[in-house]
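Okay, structure first, notes after.
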Amino acid sequence: MEQRGLFEQENNQPLAARLRPLTLEEFVGQTHLLGQGKVLRRLIENDRISSMIFWGPPGVGKTTLARIIAQNTKSAFIDFSAVTSGIKEIRNVMQQAEDHRRFGEKTILFVDEIHRFNKAQQDAFLPFVEKGSIILIGATTENPSFEINGALLSRCKVFVLQALKPEELATLIVRALHDSRGFGREKIVMPPEMPEMIARFANGDARAALSTLEMVVLNGELNGDTTTVSQETLEQCVSKKSLLYDKKGEEHYNLISALHKSMRNSDPDAAVYWLARMLEAGEDPLYIARRIVRFASEDVGLADPRALEVTVAAYQACHFIGMPECSVHLTQAVVFLAISPKSNALYQAYANAKKDALTQLAEPVPLVIRNAVTSLMKELDYGKGYQYAHDAEDKLTNMQCLPDSLLGKEYYRPTEEGLEIRYKTRLEQIKAWKKEHEQKNEPNTLRNPLIQNKK
């Protein structure tokens, strides 16, 4: 009777709790710390744990790692919560640890959400960590540099845990469908792409992924002993429309193409719509941010040099705060690009130069612009006749910088769009001056239209 009650109690636990890994072999993710031969894995396997802080977003395995350590250590293990404990509870636990130390036994104290302790509470741990009464393992979602007492932090090794990759979450979901602790004893039918859809929705959080799986299975259509889960069931459970798409398949490339072409066609409304389609479907905002950084130079370029600044700032904002907050930063960048003047002159310049670079790889660097770093190089006329442009009043010389076979070649051909017309004017004046002085060997002056109005 007791066994049955315990069994029922276990199955009443959430799926994420039932499937919590018990060994390092079951643990998914954090291969940079737990792969074969990695430092944290060696410490756990050899029971050589020292005080440490696990820092990472929710659902990446901080508490699970602590429990695996508890299974692998010969030390006393105390699980402590910063949410429900105060100074009194800390002192009681420290006394237990001190008693263990007197009998030659180490105590590992795991403190979940350690950032919730104030400075005085954290200070209470310090003397016991210093004299070795306890080995402290703290878990936090906040930056330890700001949330953990400096003296305490200096005595702990910080391990950064990363959000799980979609393929790692998909592995967990498939395991849950086959493991007897999960749905392995039941017949579950779902589309083959469903685990990846759930993984993308979970956004790196294993707990969220398993909770979503549990919800869709419980809300699936039961027919006899078979539960059928459809995409509609998933959409209802996560309150999403049919925007889920294969980020490695055709629709992924169709949508990013639609975003690019809408911006290129100066259509901010269409660009924002396709941006929203991608973000709400679970696309990685950093992927979109990287693509628009490229667009800034490929399609806007010097027609508005601020485009690169705006898109790089948008990428940084996405990296700092993530979704959903960073959607507005991407929107700002996308609208800016859409309404900016367009020029692909930089893209064309590199494409043309690349063609020559690949077909004329043996072209030597002209001696005049080689760096003579040894006496032999000087004897071979490296750098002979070099003209230092800064010595000229307007920083211009008639020195040849292209190889002889490419002399006169033009790669950058500026347009008259936006600010690029100013660069075009400047370039035309430079070329006119050089043509006039191509037989002479002296620097001269040229007014710069970019600064001439500053007087």
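The values are calculated or read from the model by the stated rules, or taken from the named source; none is laboratory data. Note that the structure is a prediction, hence the values are computed from the model and not measured. Note that each Cβ is placed from the backbone with ideal geometry, even for glycine, and that neighbours are counted across all protein chains shown. When the accessible area is computed, the model is the full protein with side chains, heavy atoms only, and any ligands, DNA or RNA have been set aside. Shrake-Rupley method; radii C 1.70, N 1.55, O 1.52, S 1.80 Å.
What to note about this one:
- If you filter the range 76-105 down to residues that are under 38 Å from the mean Cα position of the chain (by Cα) and modelled with pLDDT of 80 or more, you find that the one that is farthest from Gly138 (Cα to Cα) is Ala76.
- The range 94-142, subset of a type in the set (S, T, N, Q) and in a loop (DSSP other than H, G, I, E, B), residue surrounded by the fewest Cβ atoms within 10 Å (Cβ to Cβ): Asn118
- Subset of the range 376-411 (residues that are open to solvent by less than 80 Å² (accessible area, probe 1.4 Å) and among the charged types (D, E, K, R)): Asp381, Asp394
- Boolean, Ser297 is open to solvent by 10 Å² or more (accessible area, probe 1.4 Å), farther than 30 Å from Asn143 by Cα and in a loop (DSSP other than H, G, I, E, B): no
- Taken as a whole, the range 327-340 holds no residue that is under 20 Å from Ile421 (Cα atoms), in contact with a Leu (Cβ under 8 Å, 6 or more places away or on another chain) and open to solvent by 30 Å² or more (accessible area, probe 1.4 Å).
- When residues of the range 198-241 are limited to those that are among the β-branched types (Val, Ile, Thr) and more than 28 Å from the chain's Cα centre (by Cα), the one nearest to Met278 (Cα to Cα): Thr233
- Failed item, numbered, when Arg42 is tested on (1) farther than 21 Å from Val111 by Cβ; (2) modelled with pLDDT of 90 or more; (3) assigned to a helix (DSSP H, G or I); (4) open to solvent by less than 70 Å² (accessible area, probe 1.4 Å): (4)
- Which listed residue, of Leu109, Leu126, is under 21 Å from Val39 (Cα atoms) and not β-branched (Val, Ile, Thr): Leu109
- Scanning the range 264-302 for residues that are polar (S, T, N, Q) and at pLDDT 95 or above gives a single hit, Ser297.
- Qualifying positions in the range 182-196 - open to solvent by 50 Å² or more (accessible area, probe 1.4 Å) and either within 30 Å of Ile135 (Cβ to Cβ) or in contact (Cβ under 8 Å) with a residue 12 or more places away in the chain (or both): Glu186, Lys187, Val189, Glu193, Glu196
- Sole residue being among the aliphatic types (A, V, I, L, M), open to solvent by 10 Å² or more (accessible area, probe 1.4 Å), in a helix (DSSP H, G or I) and free of Cβ contacts under 8 Å to residues at least 40 places away in the same chain, chosen from Leu286, Leu279: Leu286
- Of all residues in the range 206-242, those that are among the acidic types (Asp, Glu), open to solvent by 30 Å² or more (accessible area, probe 1.4 Å) and over 13 Å from Glu186 (Cβ atoms) total 2.
- Matching residues, the range 366-375, being open to solvent by 80 Å² or more (accessible area, probe 1.4 Å) and of a type in the set (A, V, I, L, M): Val373
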